[in-house]
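Asks: Quick one: structure below, then a few questions.
Please treat every number below as a calculation from the coordinates, not as lab data. Bear in mind the structure is a predicted one, so any value in this text is a computation, not a measurement. Note that we place each Cβ from the backbone using ideal geometry, even for glycine, and neighbour counts take in every protein chain shown.
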Amino acid sequence: MSDDLTPELAATIADAFARRDRQNMQPTIDFFEDLLTKHPGNPSVLYEVGGSYDTDGQEEKAIGYYEQALPGLSGDTRRRCLLQYGSTLRNLGRLDESLAVFVAACKEFPESDSLRVFKALTLHAAGRESKALATMLLLVADRLETPEIKRYEAAIRGNADYLGNL
């Protein structure tokens, strides 16, 4: 399975995504389910179907679509799918699986701030609050370029190291 995303299909997906109503996801679900019948097995469409179910609160249904989509996705779409998949696993209480997804995803996409944030959420949900805070402190040290943060960067990193090793 490969991500056969033509410019036309990408535009169709983007248009449908822009028109979605988070309070009434059924039209979006129906649209992407229909699109999937026209592009069976297309990883990008599978991902969008999963995301639609996920947004609608049907996490169990979303999981299968994410799992089907992931092997054929690459780049930013893969990163987004991994984030949503890991987050959905967390929401379903499958914390070990969620954490495994985020650990692997953070290795695959080390510059992704959003993956690090959602990994911290999973760590917190798993009762590993110190490691969650350490993850967020490192994100602050890595990404906030303010004079105050730079002045205390060594202390922030030291605290993150300490918390991460508790």
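Asks: Could you order the peptides 135-144, 22-31 from most to least packed, using the average number of other C-beta atoms within 10 Å per residue?
Replies: Top to bottom by mean Cβ count within 10 Å: 135-144, 22-31.
Asks: Also, I was wondering about something else. Given +1 on the Cβ of Lys and Arg, -1 on the Cβ of Asp and Glu, and no further charges, what dipole in debye does the chain carry about its Cα centre, rounded to the nearest 20?
Replies: Dipole about the Cα centre, nearest 20: 620 debye.
Asks: Given the options Gly51, Gly164, His39, identify the residue whose Cα lies farthest towards the positive end of the charge dipole of the chain (+1 on Cβ of Lys, Arg; -1 on Cβ of Asp, Glu).
Replies: Highest projection toward the positive end goes to Gly164.
Asks: Taking just the alpha carbons, could you work out the radius of gyration and Dmax for the chain, both in angstroms?
Replies: 18.1, 56
Asks: Also, quick follow-up: Suppose R0 equals 22 Å. What FRET efficiency, 1/(1 + (r/R0)^6) with r the Cβ-Cβ distance, do Val103 and Lys150 give to the nearest 0.05?
Replies: 0.20
Asks: Could you work out the Rg to Rh ratio of the range 29-93, with Rh taken as the Kirkwood radius (inverse of the mean 1/r over all Cα pairs)?
Replies: That ratio equals 0.95.
Asks: As a test of the formula, what do you get for the chain when each DSSP H run with n ≥ 4 contributes -39,500 (n - 2.57) and the sum is divided by the residue count, at 222 nm and rounded to the nearest 500 deg cm²/dmol?
Replies: -24000 deg cm²/dmol
Asks: With labels modelled as points extended 7 Å from the Cα through the Cβ direction, what inter-label distance (nm, one decimal) is found for Asp96 paired with Val117?
Replies: If labels sit at Asp96 and Val117, their model points lie 2.9 nm apart.
Asks: Give me the number: length gained by fully extending Ala14 to Ser74, i.e. 0.36 nm times residue separation minus the C-alpha to C-alpha distance, one decimal in nm.
Replies: The span from Ala14 to Ser74 would gain 19.9 nm if fully extended.
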